[in-house]
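Dropping a structure here in structure tokens format, bear with me for questions.
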Amino acid sequence: MVYSKDQLLARLKELQIDFSQYEHPVVLTVEAQAKYVGNVGGALSKNLFLKDKKHRYYVVSALADTKVDMKVLSQRLGLGKGGLRMAPEEALGEILKVPLGCVTPFALVNESASHVSLLLDKGFKTQECCIFHPLSNDMSISLNAFGLDKFLKSIGRDPTYIDLEANPPVGKDQPPDLASLVPSGSTVLPDLLEKTPSQDSSGNHPSAGNNSTAVTAKADKPSNAVQNVKEKSVNGVRPLIPSTDAGKFVEELLDRTSTLLLSEISEDSIKRHGGQLGAEVANNIKKCLREDLKNLATIFKNTAYTEGFYAGTHYQPKRL
Amino acid sequence: MEKVEDQNPQQEEDQVVNPWEVSAKDGGKIDYDKLIDKFGCQRLDQSFVDRVQRLTSRPPHVFLRRGVFFAHRDFNDILDAYERGQKFYLYTGRGPSSEALHLGHLIPFMFTKYLQDAFKVPLVIQLTDDEKCMWKNLSVEESQRLARENAKDIIACGFDISKTFIFSDFDYVGGAFYKNMVKVAKCVTYNKVVGIFGFTGEDHIGKVSFPPVQAVPSFPSSFPHLFSGKDDLRCLIPCAIDQDPYFRMTRDVAPRIGYHKPALIESLFFPALQGETGKMSASDPNSAIYVTDSAKDIKYKVNKHAFTGGQETIEKHRQYGANLEVDIPIKYLNFFLEDDVELEHIKKAYGAGRMLTGEVKKRLIEVLTEIVERHRRARAAVTDEMVDAFMAVRPLPNMFD
């Protein structure tokens, strides 16, 4: 179930959490938001949606003034120096179910975000009220950290506040202090962006400096560690996203075609084929891409069918 | 009149080929001519390949062009009927004994997908979780779990959900399927099944009564939700040649219970990395390329473990050329390199010593990596809901479109 802003507000009221709400035109940045709610007496927050190399996701929610150093955070989580980056746009919609510019701790109410780790700035606790988007960027709500805690607990989350500006040393004798906040388990969710093939239940246990595949010959079963699904395939194409979004599907097809097209047109090939280059390239593209594109289309079809099948089997007949 | 294997196939001097054991004579190579002769099936020659191309209006699959699928029973009948406008359905399967699938496991599925696309026919896929539970002594739950996991890799081969029904024996046996099992069982004496499969007095009765389970998917009446009213529908079974005994038995029984004999199209065995004489085994990860291997793993395995026919030194190699008979990279390229022209060129150059083993291995690594990558991406798109949908007992109204 995807939560809407209104459902969230209703939930907050049900939980008897005090909050104020402010409607305003859609804003995409903290600066823009400040124009409308900067003077209501609450502290603005900045919210980052991050992902690490093993495709685990994090929402970092901090006071707008807190300095968040991604390199330091990455080390403190045990991901090494460059382990964290901004999550791609698609992830916002797929996992957090919010639009661009709307990252908010409240997005964790969605099932699809159940594996996303939440890092909260301890600075929130010292403020009377803090301001967040309630699942859409045409509104801001202001509430106390206690209220936020109450909500998080109601969705089964343990709120963890940390000093985001701290920079403790991380080394052999000083384990990364935030390692426990890295999502564990390799549960495969239906809407997940990059799914790792579900191997056996040994799961994946991230710890500082662990590498998944060691290529030493093992006498036992082949490596069951979660494989790093590479971001770049042999053809330099983005990895497959399981979805039934026709737009994304078409983009993927066009991407592959144009990549191949560009590679086929070079000074050399122009010289060689001259005016016939068009026909030559068209033929090559068909030959090379036919099977690949058919496979993509089959996956799209199967995914859409599955969605329909699921809907059909959960269909509630009309009450007469 | 077809030869039916009556004696126990496990004679000491001969090679052993049955669903549970494949070994060559004296640790040598499998003699496929002898096998065809002994089993009584037919060679699939070039005329078939050409005919398939004509009938399907598309280039024949690389496995057909290279003789990977090299033997058949009654494939010509299937093609004759198809030409007359009579469709057929495909039946293949997997014994889910392990989670780790290697490329050799995928071969019948890759070929079956091509057949489904080319002929536009439906497909049933049997997961014999009960068989593995019995033969490998797995728990019922474990074999069911493995069946679902394997189903995901199978789906990743690109089957069309609107034309494909996947089922596990533990889930599906019963009803019309079971009725056919009993009909088949009544036609096969204990002595006969011992003769075909080599059972002994020590084997438990589960094993002895299993063969009908693998036989009856060949009959359309086993799937009333799919083929109701189509009792005349023919069945084509793509499989590796070691499965032949099951279907010899089935073909013997079919006319006696009023059904068409299923047709078969059979493949060679996929060689282990260490060579034809080596055994591909799930306990030796270096004997095969797994679908979960990373590009690094593939590179390592091919470079370090592939058995080659290259000479010991570069000078000797330039002089004598490579022994293509035993060279594994060439054999693997034969299976997986699409481009006929390129393969010919490599074989010529390598055989003459102009191309070095390292170059052939490099090309193989590229080809295998692309296949495994593509499979992994497709696998990542398979959800549990999709497996449920593929395995649901549901009508397939567009299965012949």
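All of the numbers you see were taken from the coordinates with simple rules; none came from a lab. Just so we're clear, the structure is a prediction, and the values are computed from it rather than from any experiment. Here Cβ is always computed from backbone atoms with ideal geometry, including for glycine, and neighbour counts include all displayed protein chains.
Near A:Cys130, within a Cβ-to-Cβ distance under 13 Å, what is the net charge of the other residues, with Lys and Arg +1 and Asp and Glu -1? Before the final figure, lay out the partial values.
On the way: positive: A:Lys46, A:Lys122, A:Lys125; negative: A:Asp18, A:Asp65, A:Asp121, A:Glu128, A:Asp149.
My count for the surroundings of A:Cys130 gives -2.
Would you report the distance distribution of C-alpha pairs in chain B as whole percents per 20 angstrom bin, up to the bin with the largest distance?
26, 59, 14, 0
Report the Rg/Rh value for the range A:5-181, based on alpha-carbon coordinates and the Kirkwood definition of Rh.
Using only Cα positions, Rg/Rh for the range A:5-181 is 0.95.
Then there is this: What is the Cα centroid distance between the range A:95-116 and the range B:302-365, reported in whole angstrom?
Using only Cα atoms to place each centre, the spacing works out to 53 Å.
Do you know the relative contact order of chain B, to the nearest whole percent, from alpha carbon pairs under 8 angstrom that are 6+ apart?
Once divided by the residue count of chain B, the mean separation gives 20 percent.
Antiparallel versus total DSSP beta bridges in the range B:30-269: what percent is that, nearest 5? List each step's numbers first, then the result.
On the way: 6 of 24 bridges.
For the range B:30-269, the DSSP antiparallel bridge percentage is about 25.
At most 16 other Cβ atoms within 10 Å and a DSSP loop assignment: could you name the trypsin sites (Lys or Arg not before Pro) in the range B:57-129 that fit? All intermediate terms of the calculation are to be shown ahead of the outcome.
Details: sites: B:Arg65, B:Arg66, B:Arg73, B:Arg84, B:Lys87, B:Arg94, B:Lys113, B:Lys120; in loops: B:Arg66, B:Arg84, B:Lys87, B:Lys120.
The qualifying sites are B:Arg84, B:Lys87, B:Lys120.
Using alpha-carbon pairs under 8 Å, 6+ residues apart, how would you state the relative contact order of the range B:30-269 in percent? Don't skip to the end; give the middle numbers.
Working: 343 pairs, mean separation 56.0, N = 240.
Dividing the mean separation by the residue count of the range B:30-269 yields 23 percent.
Could you point to the residue in B:Phe63, A:Ala179, A:Pro169 farthest towards the positive end of the protein assembly as shown's charge dipole, with +1 and -1 charges on the Cβ of Lys/Arg and Asp/Glu respectively?
Final value for the positive-end residue is B:Phe63.
A further question on this structure: Which one of A:Phe106, A:Val59, A:Leu84 is farthest out on the positive end of the charge dipole of the range A:40-115, using unit charges on Cβ (Lys, Arg +1; Asp, Glu -1) and the Cα centre as origin?
Going by the Cα projections, it comes out as A:Leu84.
In debye to the nearest 20, how big a dipole does the protein assembly as shown give about its Cα centre with +1 on each Lys and Arg Cβ and -1 on each Asp and Glu Cβ?
560 debye
In nm, to one decimal, how far is the modelled label at B:Lys25 from the one at A:Asp163, with both set 7 Å along Cα→Cβ?
With each label point 7 Å from Cα toward Cβ, the separation is 8.0 nm.
Counting other beta carbons within 10 Å of each Cβ, put A:Glu165, A:Glu267, B:Glu83 in order, fewest first.
Starting with the residue having the fewest Cβ neighbours, the order is A:Glu267, B:Glu83, A:Glu165.
Calculate how steeply helix B:295-305 sits against the longest principal axis of the alpha-carbon atoms of chain B, using the helix alpha-carbon long axis, and give the answer as 0 to 90 degrees to the nearest 10.
70 degrees
Give the Debye-formula value of log10 I(q)/I(0) at each listed q (0.18, 0.19, 0.27 Å⁻¹), with one equal scatterer per alpha carbon of the range A:246-313, two decimals each.
These q points yield log10 I(q)/I(0) values of -0.74, -0.78, -1.12.
Would you give the gap between the C-alpha center of the range B:31-74 and the C-alpha center of the range A:143-167, rounded to a whole Å?
66 Å
Are there trypsin sites (Lys or Arg not before Pro) in the range A:45-123 that DSSP marks as loop and that have at most 16 other Cβ atoms within 10 Å, and which are they?
A:Lys53, A:Lys67, A:Lys81
Oh, and also: What nm value, rounded to one decimal, do you get for the distance between B:Asp50 and B:Ala185 when each label is placed 7 Å out toward the C-beta?
Result for the modelled spin labels: 4.9 nm.
Related question: Give the value in nm², to one decimal: projected area of the alpha carbon convex hull of the range B:51-192, averaged over all directions.
In nm², the orientation-averaged hull projection of the range B:51-192 is 10.5.
Can you give the Rg and Dmax of the protein assembly as shown based on its C-alpha atoms, in angstrom?
Rg then Dmax for the protein assembly as shown, in Å: 29.7, 94.
Okay, moving on. To the nearest 20 debye, what charge dipole does the range A:246-313 have about its Cα centre, counting +1 at the Cβ of each Lys and Arg and -1 at the Cβ of each Asp and Glu?
Using only the charged Cβ atoms, the result is roughly 220 debye.
How big is the charge dipole of the range B:185-286 about its Cα centre, in debye rounded to the nearest 20, if each Lys and Arg gets +1 on its Cβ and each Asp and Glu gets -1 on its Cβ?
Here the range B:185-286 has a charge dipole of around 440 debye.
Taking 2.2 N^0.38 Å as the expected size of a compact globular protein, what ratio does the Cα radius of gyration of the range B:214-358 give against it, to two decimals?
1.48
So what does the Cα-only Debye profile of the range A:94-139 read at q = 0.20, 0.22, 0.31 Å⁻¹, as log10 I(q)/I(0), no solvent term?
The calculated log intensity ratios at q = 0.20, 0.22, 0.31 Å⁻¹ are -0.71, -0.82, -1.14.
Remind me, what semi-axes does the range B:281-381 give for its equivalent ellipsoid, largest first in whole Å, using sqrt of 5 times each Cα gyration tensor eigenvalue? Intermediate values should be presented prior to the final figure.
Values: eigenvalues 137, 47, 20 Å².
Taking √(5λ) for each eigenvalue gives 26, 15, 10 Å, largest first.
Output ³J(HN,Hα) for the range A:38-44: one whole-Hz value per residue in order, computed from phi by the Karplus curve 6.51 cos²θ - 1.76 cosθ + 1.60 with θ = phi - 60°, and x for Gly and Pro.
Couplings: x, 10, 8, x, x, 8, 5 Hz.
Quick check on the exposure proxy: order A:Ser154, B:Ser98 from fewest to most C-beta atoms within 10 angstrom.
Values: A:Ser154 14, B:Ser98 18.
Going from sparsest to densest Cβ surroundings: A:Ser154, B:Ser98.
Still on this structure, I have one more. Determine the equivalent ellipsoid of the range B:179-243 by diagonalising the alpha-carbon gyration tensor, then write out the semi-axes as square roots of 5 times the eigenvalues, largest first, rounded to whole Å. Provide the component values of the computation, followed by the final result.
Numbers: eigenvalues 135, 40, 17 Å².
Value: 26, 14, 9 Å, ordered largest first.
Between B:Lys87 and A:Leu15, what is the FRET efficiency for a Förster distance of 45 Å, r being their Cβ-Cβ separation, to the nearest 0.05?
0.15
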